[in-house]
Structures are given as C-alpha cells and as structure tokens.
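I have placed the structure first, in the form of structure tokens, so that the comments after it can refer back to it.
The values are calculated or read from the model by the stated rules, or taken from the named source; none is laboratory data. All values reported here derive from a predicted model rather than from experimental measurement. All Cβ positions, glycine included, derive from the backbone under ideal geometry; neighbour counts span all protein chains shown. Please note that ligands, DNA and RNA were not included when accessible areas were found on the heavy atoms of the full protein model with its side chains. Shrake-Rupley method; radii C 1.70, N 1.55, O 1.52, S 1.80 Å.
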Amino acid sequence: MISTAISPHPSQSHSVLEAVLERITYANQDTGYTIARVATDRTGPDLLTVVGPLLGAQIGESLRLTGRWSSHPKYGKQFQVDSYSTVLPATIQGIRRYLGSGMIKGIGPMMAERMVAHFGTDILSIIEDQPGRLIEVHGLGPKRTKRIADAWEEQKAIKEVMVFLSGVGVSTSLAVRIYKRYADSSISIVRAEPYRLASEVWGIGFKTADTIAQAVGIPHDSPQRIKAGLQYTLSQAADNGHCYLPEPDLVREATKILDVDRELIGPSLDELVTEEGVVRELLPASDAAITSAVAAVYLVPFHRAERSLAVGLLDLLNASDERLPAFAQVDWDKALGWLHTRTGQDLAAGQQEAVTLALTSKVAVLTGGPGCGKSFTVRSIVTLATAKQATVVLVAPTGRAAKRLAELTGHEACTVHRLLELQPGGDAKYDRDNPLGADLVVVDETSMMDVILANKLIKAIPSGAHLLLVGDVDQLPSVGAGEVLRDLLAAGSIPRVRLTQIFRQAQQSGIVVNAHRINHGHPPQLTGFRDFYWFACDPPEDTGLHPAEETAALVVDIVARRIPARFGLDPLRDAQVLTPMHRGPAGAGNLNTLLQEALTPQRDQTPEKRYGGRVFRVGDKVTQLRNNYHKGQAGIFNGTVGVVTGLSLEEQTLTVLTDEDEQVEYEFGELDELAHAYAITIHRSQGSEYPAVVIPLTTSSWLMLQRNLLYTGVTRAKQLIVLAGSRRALAQAVRTPGAGRRHTALTHRLHPVE
C-alpha cells in the first residue's frame, strides 16, 4: 500500500510515531483538525491521544505519524501531528482490525476474522498478488473475491493520486472525488487544467482549485485564472440569490478575489463573453436614480432560464386555446353556493376572487400570510375543477410540502422534480415537446422555487392549461438564484390576489398572531398562548458562561426532554431545530453534534461510520446537500430529508428512508452529500412544516437576524413554536428588514417592449 502524506510541512524538531487508529473523538470538517485515540507498542493496552490534521484516516488503519510530543494541562501527554502516512499493519491483530474496518468493500468484521484465520499475516500479500486464492476462505466465492480484488486495486490507485494531490494541498476526501471523476487522467488534468475541478468536481470551489493551480505553477495573472475567477464570482453571486451582477460590481468583486490589477479583468471578461462562458446584456437600471442602462453579466444557465421563464409565462397567459372551458361562462353565484354545500364553509371576498381568478385566468398568483385562508382557497379551487372533470396536478418544491398539500386538498400531490421526472444530467422527461397532461397546475410554496426549477416546470405545462402559483411573498426567497414569486407580483401583467384577513380561529394561535406581528415589525407576544413559548437565556456576565453555549444546551434540553414530556411529541420525528446560521455554538453544525449525542448516542456493537467531521448512525436524521440525478427513482435533491435505516461496514453502504418514502443507498465515498438534520438553517427549512419548531436566537448570529428570516422560521411550525435565547437578539431580528432585492430581470422581461 502506498503511503499518503497529508501535510507537506512537518515540524523542524519532530518525532515519528507508529500507531493504529482506534477512535476519532472529534473532527472539524472545515479545518481538518482531529482529536483521535491510537494504540501503540509503547503505551501497551492504554490508548494515546493524538491531535492534528487527520481527516481521511480510517479507523483500523496503521499510521506513521510525524509531529511532536506535548503535555496538555487538562488531558496530559499527547502527540501533536504535523503529517501522517498510512502503512500496512504487520500484526495479526492489526491486520484483522484493518480489514474489518470497512475500508475494502466486501470485507466486514466477520469475514476479516475468517480471512486472517486462514492466511495469517500473509493475507495482505495474498490480496495483492494472488487474489484468486481468496476462494479458499469459507463464504468467499469467485464473484465476491473479484469484488474484493477490484476494491483493493481501486484503493491502491486512489492512494497514488493522493500522494500527488496531498503535495498540492488537497484533502483525502476530495482526492477520492477527483479520482472517481477522472480516474487515470486525474494527475494530468490537475496539472494542466486545475480550474476544471471547480466546475466539474462537487465539493471543489475556485479557492481550492486556485490553491492547486498555484502549486502546479499557473501564473497569478494568467487569463485562465482570471476567467475562472470571474465565473467563480458570478457563481458566488448565484449562491447569494442573484441571477446576474452588474458589470461594475462583477469587476470590483473579482478584483478583490483574484488580487490582480483591475485593468486585467476587462480583456478576460471580453474573452469570456466571446467564448460564451458568460452572457452580457444591457438592462434597464433597477435604481430609479440611475437613468442609463446597466450591463448585466450572467452565467449562461441563469440567463437562459430567466428569458425562457418569462417567455413561457407570457405564452401561457396569452394562449388562445382553453383547457378549462367550463368556467368561461359559469354562474359564479351558483358555483360558489354548490361549493358551500360541499365544504360547509363560506369563502371570504378575497378567497372568492382568488377562486374565480384561478379558474378563468391562465396564470394567477395567490399570496398571503398564515391564517389568511390560502389552503382552504386552494382546496376550493381543486374541488370545483375536479367537479368539471378537469385533470388537476398539484406540486410543491419539497417532499414535506407536497405531503401537506395532498392532506389539505385530499388530492394527490408530488414534488416538481418527481412530476417532471428529471433525468441524469438534469433534463426533464416533460418539456415543451412533451408537455404534461394537465388542465390545472397548482404550485404551493412558490416562494422557494428558484428561476432554474421554475423554468423547467413552466416549459412542461401545455398551452391552454391554467397555472396557479401559491406562496407567502414575505418569507425568505429561494435558496437558489432568483426571487420568482416577488418578481411575478411586481409584474403588472400577471393577475394576482393577496389574502390579508386573518380568520377568527387563527387569531387564537400564537404562531399566526406572532408571525403577523413579526412581519409588521412588532415584537411578538411572549405569553398567553398554548402554542408559542419563549425561554430567555441571558446568563450574567460575571458567571463566565458563553450565552450561545448556554442557549445550545437549553435547546437540546427542550427538544430531548421538555417537548416529549409536556406535549407527547417524538423528539426525532416531530421536533425540528431551525437556526439562523450554520456556524457558532448555537448554529446548526454544533447543535447537530449535541442533539445526535442526546437522541442517537453511540451504542456498543452498533456499527457507525465516521466521514470527515461527521459520524453516521442508524436512526440519524439527515439531509441531502446537492442535487444528484443518479440516485433514487428520479434523483435525490438538495434539501431532501430522511432517516438512516441501515449501515453496512462490509458493503460500505448507508441506507436512508427519505421523506418521500423512498429507500436510497449511499456508498461511503458519497457521504459528503449528507449532513445531519436534527438542526438545519431556516433557509433550508423553506417549504417544510413541522409539528414543533425550536429556534435559538443569539447575538452570535447578529448579521443573520432579520425579520423575514424569523418570520419564515416561525411559520414552519404547525402545532408548537419555541424561541430560546437572547432578548436582544430577538429584538434585533424583529426590527431589521430583510436583505435588499436580488439582481434579477424577470419582472422586466414580463413587460416586453412592443
């Protein structure tokens, strides 16, 4: 086995320690800093603590550690690692542990026992040189033997790539991804075209590619680097919700990121436009004080999607054919009277307007806050349409939202991705050439639909069909680029109804009342409701306690103990922690660690898998971090939530039951696509609803404390909302308006020049 040096700069005065990695007690995914326990000859049966950059090392591996000895005032003697390499174990015990650790697919702990029992210390050389002899081991047939031999060869090949990549600062986990993408071409591509990695290998951004490029000698002012930096700047803007950047903003931001003279940016940008790497278009200024046009620079997919979405909406709106002809001449008094006999409820004036509009206008938008009757209005529209034998399709951006829509209407609903049957690569089965068989399409939670997904959906709606877009425009905009719902409401060409009346029953709910108070910039009423609770956590300064750490501990106690005891809700299935941000003591990252230990702690004899800084166990609540069109029946998408139901060290697989009731298998090498979801950011909660929601509010999240963020979090709760933390942080969130508008041009495109 080839060694893998992870840090090319060991300490000047260093020692070398041979050890077997027994346990990882802490690992930081971002920095690589790891605290681990190892077994060595010199410590006998006792384990030694080692600290340093150990990400990528696997339990059971024999390591050659380079570093220095130190003494921690609390934890005693430990070894500080500067670098490490993997070496093959030499003892029976070491080999058994190494093979049984799950590193080689097809070998689990029991099979490792059998293999070592049969071949002794020769087993590693047998796998290397005579893999055909493995069939001598009971339970290993030719098929399984070949799998083991292939997995061993792949491990060797990956290690070779790692030797090179570690010298240019690439972590083990990313080296595996590079090898999976490019195989034997990995090293040549990294040397000659390192910036390809940023767009072609998930998990590698421009900064990592730039570090590699520097290591392989690409000049700082190279046009290759500047063009990659421009595209990265636009990609960062898209991650922040912008479809484009005005050219002056792009040049300013790219100059900062690239640290080059501003004069070098223009020629490279012109080249990119010529090469169709980006699109430059003159648009009217969104600022009324600016009279001249603005040069907007787009990444190609966002420009195509925004233009196509506008054209598609206008084509639908103005289509001459009609798939709901029964409502063109309907007697609405009679129709609404019939509806009353079916539902036993009267529609308010705004609801009646929305029902009429959805069934007579080919494109319509319905918006409003909680308790204003959006759900009942949608149910009424669906009831009337189905009474006239119309084909109704209900969709939402997430599995949870689709389930809720189905429950509210009594009609089948699914996600947009499932409806369109997206194929590997992201293309949809249904599009302009193969439209859906639908007369009425209702989209719920439209506020979270980005411009790319909205365009895919609109292209699939047949001419003459009706489209109703439903959502709360005051919630956070989509995670992806664009703010489709807001842009549609700003376009006078799109018919819309906004429901504002809060119904009497909803006025008894603290969730509804306080959501509206927050939305209007008023402090919530913290007492007097059975579904809204506030727990202050402001420890006195002289105690030395960190307020955010205290809040985190309080949140764990609320979820794990108080909510189940008081309300009988399941802490895993029914409670969801929503945080303003990922980092920090009360951020989603740290809370996931604390909640996992409280709700699904480590148990003896139960398998678990450490990947980077995370440990996965059966029972864990997890979420998907990126769109993967190759997984599941029709892809698994960013934000999909599920529960780990199986984990096999032998097969190196982890199984997740998603919130769409689909069992999805992940290889261990794909686990960077998953994160724990005991706590998630409020942004990632969009489109979902939970029986109980707990939100920590601390001054550590100061920059993220905004009104629409808190409003969105509160409106995710169905039965119970608990806010915990600092009164100052709560006040900051209520009084701070949301971030400014995104750079989009959809509203402009919906007003075509005659």
The answer for the chain, accessible area per residue at 1.4 Å probe in Å², is 44 Å²
Linear extension gain, Asp431 paired with Glu113, 0.36 nm per residue minus alpha-carbon span
109.0 nm
When the convex hull of the Cα atoms of region 652-754 is projected onto a plane and the area is averaged over all directions, what value comes out in nm²?
11.1 nm²
The simple spin-label model distance between Val330 and Thr274, using points 7 Å out along Cα→Cβ, in nm, is 5.9 nm
Dipole of the chain, positive direction: furthest Cα of Ile204, Leu657, Leu272, with charges on the beta-carbon
Leu657
Carbon and sulfur atoms account, in whole percent of the 1.4 Å probe accessible area of region 43-153, for 54 percent
If amide H atoms are modeled at 1.01 Å from N in the peptide plane, then the residues at a separation of 5 or more from Leu467, or on another chain, having amide H under 5 Å from its own are Val363, Ala364, Val441
Over the chain, relative contact order from alpha-carbon pairs under 8 Å, at least 6 apart, %
11 percent
Compute the Cα gyration tensor for region 377-530, then decide on rounded, prolate or oblate, letting a ≥ b ≥ c be the square roots of its eigenvalues: rounded whenever a/c is under 1.5, prolate when a/b is larger than b/c in the other cases, and oblate in all that remain.
prolate
Please turn the phi angles of region 407-417 into ³J(HN,Hα) values with the Karplus equation 6.51 cos²θ - 1.76 cosθ + 1.60 (θ = phi - 60°), one per residue in order, whole Hz, x for glycine and proline.
5, 6, 9, x, 10, 4, 9, 8, 6, 4, 4
Taking 0.36 nm per residue of separation between Gln663 and Tyr26 and subtracting their Cα-Cα distance, the length gained on full extension comes to 226.4 nm
Using the Karplus curve 6.51 cos²θ - 1.76 cosθ + 1.60 with θ = phi - 60°, what ³J(HN,Hα) values do you get for each residue of region 240-246, in whole Hz, with x for Gly and Pro?
8, x, 8, 7, 8, 10, x
Where labels lie 7 Å past Cα in the beta-carbon direction, separation of His751 and Leu88 in nm
7.3 nm
The extension gain from Glu193 to Arg727, computed as 0.36 nm times the residue separation minus the Cα-Cα distance, is 187.1 nm
Helix 206-215 axis, angle to the chain major axis (alpha carbon atoms, nearest 10°)
30 degrees
Packing-based ranking, highest mean first, of 71-82, 662-673 given that Cβ atoms within 10 Å are counted:
662-673, 71-82
Measuring from label point to label point, each 7 Å out along Cα→Cβ, what is the Asp239 to His630 span in nm?
2.3 nm
